[in-house]
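Participant: Before we start, here is the structure in question, set down as structure tokens.
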Amino acid sequence: MTALSGRAKLAGVFGWPVAHSRSPRLHGYWLQRHAIDGAYLPFAVRPENLAAALKAIPVLGLKGVNLTLPHKEAALGLMDGVSEEARRIGAINTIVVDGEGRLEGRNTDGYGFLAHLKASVPGWRAASGPAVLLGAGGAARAIAVALLDAGVPELRLVNRTAARAAALAQALGGGIAVVPWPNRASALEGAALLVNGTTLGMTGQPPLDLDLARLPREAPVYDVVYAPLETPLLAAARTRGHAIVDGIGMLLHQARPGFAAWFGVEPEVTAELRSFVLANP
């Protein structure tokens, strides 16, 4: 490990709990890889202490932090400035301290989603056809914004709670067709991309019940779940010949803008990094 000096650049992650976070391992890999005089630390911040912890970021000299559950939405109103993308998503996952000690809130989840999709399926183009997105929670909202901004001609939003899907569609404006959950299989007709933005299929969660028969075989299938790494959805899609994209890459790519802002180096997502982060117990 690289020894720290008194000039070390510091960043970290706020969460409650935070022990499960892979972010310290991820950023620690890049710090060592680039021999940077710096550290990335986990901070277990209770929800009732979030405002005080955020105020302490510039006081302690941190360059910024990531936010994980349950702080992504609560921190939105506690920033000095918020990016337009983060405002539309309604949550922040990255905070950067500017030269005057102001906290700038950003959301890089959509960036991470698109970067991983394009790296995994280089031939995918947003304009190639409709995208089907399952879910209307935090991750799904970031993905919806990213897909709309990328230029998908239609976003078919499918969620178990219809009212939540309708509220998201209304908040984001045009280009979204809300599909009732019982009709999710028919929503796949003619789609050019399928994304599972729910926790269905995650270890300890109910499985995702979805018949892929109507999904064109050239459409990639993306699952934000990465425990297990290959979900039943991805296994079924692989059997049908679809290009599949697992969820760990979204985590890796979303970290790149924050690392660059805090430590001054543009990091890369590599197979070695992927293996290193997945080896986290």
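The values are calculated or read from the model by the stated rules, or taken from the named source; none is laboratory data. Just so you know, these numbers come straight off a predicted model, no measurement behind them. Ideal geometry is used to build each Cβ from the backbone, glycine not excepted, and the neighbour counts take in all protein chains shown. All accessible areas refer to the heavy atoms of the entire protein, side chains included, with ligands and DNA or RNA removed. Shrake-Rupley method; radii C 1.70, N 1.55, O 1.52, S 1.80 Å.
Participant: Rounded to the nearest 10 Å², what accessible area does Ile176 have for a 1.4 Å probe in the complete protein model?
Facilitator: Using a 1.4 Å probe on the heavy atoms, I get roughly 30 Å².
Participant: Now for a separate question. Could you derive backbone 3J(HN,Hα) for the range 113-121 from the dihedral phi with the Karplus parameters 6.51, -1.76 and 1.60 (θ = phi - 60°), listing whole Hz in sequence and x where the residue is Gly or Pro?
Facilitator: Karplus-based 3J(HN,Hα) across the range 113-121 equals 4, 5, 4, 5, 4, 5, 6, 7, 10 Hz.
Participant: Separate question: Which log10 I(q)/I(0) values, to two decimals, does the range 181-253 give at q = 0.18, 0.23 Å⁻¹ under the Debye formula with one point per Cα?
Facilitator: Normalising to I(0) and taking log10 leaves -0.65, -1.04.
Participant: May I ask you to list the chymotrypsin sites (Phe, Trp or Tyr not before Pro) in the range 238-281 that are in a DSSP loop and have at most 16 other Cβ atoms within 10 Å of their Cβ?
Facilitator: Values: sites: Phe259, Trp262, Phe263, Phe276; in loops: none.
Taking the range 238-281 and a limit of 16 other Cβ atoms within 10 Å, no loop chymotrypsin sites (Phe, Trp or Tyr not before Pro) are found.
Participant: If I stretch the segment between Ala52 and Trp16 completely, what's the gain in nm (0.36 nm per residue apart, minus their alpha carbon distance), one decimal?
Facilitator: That works out to 11.5 nm of additional length.
Participant: Using Cα-only point scatterers and the Debye equation, what is log10 of I(q)/I(0) for the range 38-106 at each q in 0.14 Å⁻¹, rounded to two decimals?
Facilitator: -0.37
Participant: Take the alpha carbon atoms of the range 190-261, find their center, do the same for the range 109-148, and report the distance between the two centers in whole angstrom.
Facilitator: 11
Participant: Additional query: Which of Ala191, Ala127, Ala115 ends up with the largest GNM mean-square fluctuation for the chain, with Cα atoms connected below 10 Å?
Facilitator: Result: Ala127 has the largest fluctuation of those listed.
Participant: I've got another one for you. Using the crude model of +1 on Lys and Arg Cβ and -1 on Asp and Glu Cβ, and no other charge, please compute the dipole size for the chain relative to its Cα centre, in debye to 20.
Facilitator: Values: 26 positive and 22 negative charges, 42 e Å.
Using Cβ point charges on Lys, Arg, Asp and Glu, the chain gives about 200 debye.
Participant: Given 20 °C and 1.002 mPa s, compute D for the range 228-278 with the Stokes-Einstein relation, Rh being the Kirkwood radius over Cα pairs; round to the nearest whole µm²/s. Please report the intermediate quantities before stating the final value.
Facilitator: Values: Rh = 12.6 Å.
Rounded, D is 170 µm²/s.
Participant: Under a point spin-label approximation (7 Å from Cα along Cα-to-Cβ), what is the Val265-Val59 distance to one decimal in nm?
Facilitator: Output for this residue pair reads 3.1 nm.
Participant: A further question follows. Given the options Pro207, Pro42, Pro122, state which has the largest fluctuation in a GNM of the chain using a 10 Å cut-off (strictly under) for Cα springs.
Facilitator: With Cα springs under 10 Å in the chain, the top fluctuation among Pro207, Pro42, Pro122 is at Pro122.
Participant: For the range 1-57, divide the Cα radius of gyration by the Kirkwood radius and give the resulting Rg/Rh value with two decimals. Intermediate results must be reported in sequence, preceding the final value.
Facilitator: On the way: Rg = 12.6 Å, Rh = 12.3 Å.
Here the Rg-to-Rh quotient is 1.03.
Participant: Could you point to the residue in Ser186, Tyr226, Ala75 farthest towards the positive end of the chain's charge dipole, with +1 and -1 charges on the Cβ of Lys/Arg and Asp/Glu respectively?
Facilitator: Checked the options; the winner is Tyr226.
Participant: Which value, in debye to the nearest 20, describes the size of the charge dipole of the range 1-99 about its Cα centre when Lys and Arg Cβ atoms bear +1, Asp and Glu Cβ atoms bear -1, and nothing else is charged? Working shown, then result.
Facilitator: Values: 11 positive and 7 negative charges, 60 e Å.
With only Lys, Arg, Asp and Glu charged at Cβ, the dipole is about 280 debye.
Participant: Is there a quick way to get the dipole size of the range 131-274? I mean about its Cα centre, with the Cβ of Lys and Arg at +1 and of Asp and Glu at -1; what is the value in debye to the nearest 20? Write down the numbers at each step before the final one.
Facilitator: Values: 11 positive and 12 negative charges, 75 e Å.
The calculation lands at about 360 debye.
Participant: Probe 1.4 Å, all protein chains in place: accessible area of Thr203 in Å², nearest 10?
Facilitator: Spelled out: Thr203, probe radius 1.4 Å, area about 100 Å².
Participant: Okay, next question. Please find the FRET efficiency linking Ser186 to Ala119, where r is the Cβ-Cβ separation and R0 is fixed at 35 Å, and quote it to the nearest 0.05.
Facilitator: Working: r = 31 Å, r/R0 = 0.88.
The calculated FRET efficiency here is 0.70.
Participant: As a test, work out the antiparallel percent of DSSP beta bridges whose residues both lie in the chain, rounded to the nearest 5.
Facilitator: Working: 7 of 38 bridges.
Antiparallel bridges: around 20 percent, rounded to the nearest 5.
Participant: Could you work out how much longer the chain between Arg7 and Ser128 gets when fully extended? Use 0.36 nm per residue separation minus the Cα distance between them, nm to one decimal.
Facilitator: Details: separation 121, 0.36 × 121 = 43.56 nm, distance 4.89 nm.
So the extension gain works out to 38.7 nm.
Participant: Averaging the inverse of every distinct alpha carbon separation and then flipping it gives the Kirkwood radius. What is it for the chain, in angstrom units? Could the numbers behind the result be given before it?
Facilitator: Details: mean 1/r = 0.0512 Å⁻¹.
After inverting the pairwise mean of 1/r, the radius is 19.5 Å.
Participant: While we're looking at this one, here's another question. Under a plain spin-label model, where a point goes 7 Å from the Cα along Cα-to-Cβ, how far apart in nm are Ala177 and Arg214?
Facilitator: My value for the distance between the label points is 1.0 nm.
Participant: While we're here: Which loop GluC sites (Glu not before Pro) in the range 1-110, with loop taken from DSSP, have no more than 12 other Cβ atoms within 10 angstrom of their Cβ? If you can, show how the numbers build up before the last one.
Facilitator: Working: sites: Glu48, Glu73, Glu84, Glu85, Glu100, Glu104; in loops: Glu73, Glu100.
Qualifying residues, ordered by number: Glu100.
Participant: Let me ask another. What does the charge count near Pro70 come to, summing +1 for each Lys or Arg and -1 for each Asp or Glu among other residues with Cβ under 13 Å from its Cβ?
Facilitator: Working: positive: Arg46, Lys72; negative: Glu48, Glu73.
So the surrounding residues net to 0.
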